[in-house]
Amino acid sequence: MSATPAASANKMKKDESFLGKLGGTLVRKKRSKEVSDLHEEGKNAINAPLLPAGTDIHPEDTLLEENAERVMLDPTSRENLKFKDLVKVLIDWINSELEEDRIIVKDLEEDCYDGQVLQKLFEKLSGRKLNVAEVTQSEIGQKQKLQTVLEAVNEMLRPHGWTIEWSVDSIHSKNLVSIVYLLVALAMHFQAPIRLPEHVSVQVVVVKKREGILQTALVTKELTSTTENFDFVLFATERDAFDTLLDHAPDKLNVVKTSLITFVNKHLNKLNLEVTELESQFADGVYLILLMGLLEDYFVPLYNFFLTPESFEQKVHNVAFAFELMQDGGLKKPKARPEDVVNLNLKSTLRVLYNLFTNYKNSE
C-alpha cells in the first residue's frame, strides 16, 4: 500500500530536517578544525621563528619543559664527508675492540643508545668490570646502565681536562653528536691505534624553551681539531722500529725500504711484476692483493677487486680488501687505515709491508 501524499511530505520534511542538522554539525566540525589548524599554524609560526630552513621540529620538541633544550644534528652536516669518515673510523675501531665479544656495530645511534656497547667498550679499554645488568630491555633499565657507564667514564676523563659533552638523556635519545663526542674522548684517552680525521665540525640545531616559546639556533660543534693534537694516538699503543726510524734515524730509511722492496719483489716477480717505489705502487691496493695471494698460495678472483682502479673510493676498496685477506691469513688487523695507504702515507705503508715481512720472510 503506497504512502499518502501527506505522509510523503511529512517524511521529506523529517529527512530534510535530519540532513540539515547533520550538515550543520559537519559544517561546525569543519569550521572548528579550520580554527584549530589556524591556531596550530599560528603557534608554530610564533614558537619557531628562527628555525633553519629544512630542519624539522619533532612533536616531542614542543613538549620541552621550561628552560630545557634539545640538540639535533643538522641534516647537511650528517652528509658531510669528513663527518661520515669520522663515524666510520669510530665504528671500525669499536668492532675491532669488541671482536672477541662478537659484537658488531653498524649504526652508532641505533647500537650505542642503550648502553650495552658502551659498557663493553669501556670495560675492554679500562680493564674494569662495571656492576650493571647484562641485558636491559626497559627504558628505565637502559638509562640506569647508561648512568653507571657514564659516571665511570666522566670520573676517569674529568681529571684530564675533558669537557663533558654528553649525558644519559642525550645518549639514550640517540643524539649522534653526543655519541661521537664520547667515543672520540675515549679513543684519545686510551690512545686508540686509529687516525681520527682532523678538523671535523658539524652544525647542530639547538631548540630551547623560554617562557613557553621555542627558540632555535644553529651552533657549530668541533668534534676533532688538528692532527697535531692527537698524532700521539696513532700507533701510540704499539710503537715499533718505524717510529724510531722515522723520528730519530731517517738516514737509515733507505736501507729498510730496500729490504722491503727485495722481499715484495721476490714474490711479485713470479707474476712478472716489480716494485721500485713503495709509497706509490702500493697505494691503489692491487699489488697488496696480488702479494697476499702469492704469499698464501691462492688466486684472487678478479671480480673481488678493481684491477685498474680509477677513483679514490675504488683504491680504498682494494686496500681494505687486502687487509681482509691479511686477517683471513691469521695476521692482526693492520693499524693503518686504507685511506692512509691510498694517500701515500709512508709510515702506514711501511707498517703494512713490515707486518707481511715479519710473517712471511721465510716463504718461498
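The values are calculated or read from the model by the stated rules, or taken from the named source; none is laboratory data. As the structure is a computational prediction, the values presented were derived from the model and not from experiment. Please note: Cβ atoms are built from the backbone with ideal geometry, for glycine as well, and neighbour counts cover all protein chains shown. To get the accessible areas, we keep the full protein, side chains included, count just its heavy atoms, and leave off ligands, DNA and RNA. Shrake-Rupley method; radii C 1.70, N 1.55, O 1.52, S 1.80 Å.
For this structure, a couple of remarks:
- Which numbered condition Glu364 fails, given (1) touching a residue at least 12 places away in the same chain (Cβ under 8 Å); (2) more than 25 Å from Pro197 (Cα to Cα): (1)
- Residue in the stretch 275-296 that is closer than 19 Å to Arg195 by Cα, among the charged types (D, E, K, R) and at pLDDT below 80 present: no
- Some residue of the stretch 51-65 being at pLDDT 85 or above and of a type in the set (Asp, Glu): no
- Across the stretch 313-355, the number of residues qualifying as basic (Lys, Arg), open to solvent by less than 50 Å² (accessible area, probe 1.4 Å) and within 21 Å of the chain's Cα centre (by Cα) comes to 1.
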